[in-house]
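J.: Got a structure for you, written out below as structure tokens; questions coming shortly.
Quick note: the coordinates plus some simple rules give every number you see, no bench work behind them. Bear in mind that the values here come from a model prediction, so they are computed numbers and not experimental data. Ideal geometry is used to build each Cβ from the backbone, glycine not excepted, and the neighbour counts take in all protein chains shown.
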Ligand code: ADP
Ligand code: DP6
Ligand code: CO
């Protein structure tokens, strides 16, 4: 058997964050999350299952890497297909890797689609979302385009993402302020586990996020950008409060992240509808309208450099290429 398939998946940035696992092996989260899939950032992955291979090999951006997570994921795919065949995985990130721009989301959504197709599984989008989840929780959402909710569920069968608006027709997008595109020191997986294990605020994070999700869905249904931004910004800062309150404490902020968040607040004071969010990395994302984006770029370019401001429109779901 020799079968090769390539897939593309886009990253997503959460407006309501996923931060903590009830079941670390199956990746069942403590709370539902909600995100926007982004056109500008994506991963292309080619998987070749080949009888003549004697081990799995993985290349990221043309570099051979030993990655236990990729092999573990391929084991899950082989188990589902009941086939014992090794694979060559070749992946290119059109997004900085491990910098808080959700490379694990586009990576495992693309790998789930390419690997399952190459091995001969014909999965529904829901099954794909469940499979992608096993690689990285946020990847469950990148199977779909636009605004997407990951329903936490209780087990492997009922924890998957569902599209809320695959085709976003109203005026919402993001601008990423690239502060540092190097690999973070504390990856999302260990960062969230440490928050779960040691932050006294973790319980309140989960509890208040349930209401945030209800309010967020209401704001989306009303196409209320200011409300969406306000809830997202507050939700993100509550997530980051669980890192500051962990023991020992840690943070994904750096001085430029604070500078960027202040700049967004100042724009808001001047009447612009813009809000910020941050993930497990120092880069700040602005939630804003397409209409006001040129003005925002103009104001922020002198502060952060025009080249460091990346506009990301709503993007599509994962596809075979
Ligand atoms: P990010 O904020 O970029 O999602 P994470 O800490 O969540 O950072 O995940 C980074 C990890 O995702 C990497 O260490 C690697 O294991 C995995 N990853 C990133 N890109 C790829 C890829 N193209 N293929 C497979 N795994 C990837
Ligand atoms: C802060 O999905 O990267 O970006 O499931 O351990 O792979 P693992 O973690 P990951 O966590 C993402 C955390 C976040 C918030 C979010 O995307 O919802
Ligand atoms: Co990630």
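J.: Tell me, how many Å apart are the Cα centres for region 195-254 and for region 50-90?
T.: Taking the Cα centre of each part, region 195-254 and region 50-90 sit 35 Å apart.
J.: Calculate the spin-label point distance for residue 272 paired with residue 94, positioning each point 7 Å from the Cα along the beta-carbon direction, and give it in nanometres.
T.: 2.6 nm
J.: Taking the highest mean first, how do the peptides 129-136, 88-95 order by number of other beta carbon atoms within 10 angstrom per residue?
T.: Working: 129-136: 26.5, 88-95: 19.8.
The packing order, highest mean first, is 129-136, 88-95.
J.: So what is the relative contact order for the chain, in percent, with contacts set as C-alpha pairs under 8 Å and at least six apart?
T.: About 25 percent, as a whole number.
J.: Sum -39500 (n - 2.57) across every DSSP H segment of at least 4 residues in the chain, then divide by the residue count to get the 222 nm mean residue ellipticity, nearest 500.
T.: The helix contribution divided over the chain gives -12500 deg cm²/dmol.
J.: Give me the distance between the Cα centres of region 152-183 and region 1-45, rounded to whole Å.
T.: Centre-to-centre (Cα) distance: 8 Å.
J.: Still on this structure, I have one more. Output the 0 to 90 degree angle, nearest 10, between the alpha-carbon long axis of helix 125-135 and the longest principal axis computed from the alpha carbons of the chain.
T.: 90 degrees
J.: Expressed as an acute angle from 0 to 90° and rounded to the nearest 10, what is the orientation of the C-alpha long axis of helix 202-221 relative to the principal long axis of the chain?
T.: With rounding to tens, the tilt is 80 degrees.
J.: Okay, moving on. Using only the alpha-carbon atoms, how far is helix 293-304 inclined from the longest principal axis of the chain? Give it as 0 to 90 degrees, nearest 10.
T.: Roughly 90 degrees between the two axes.
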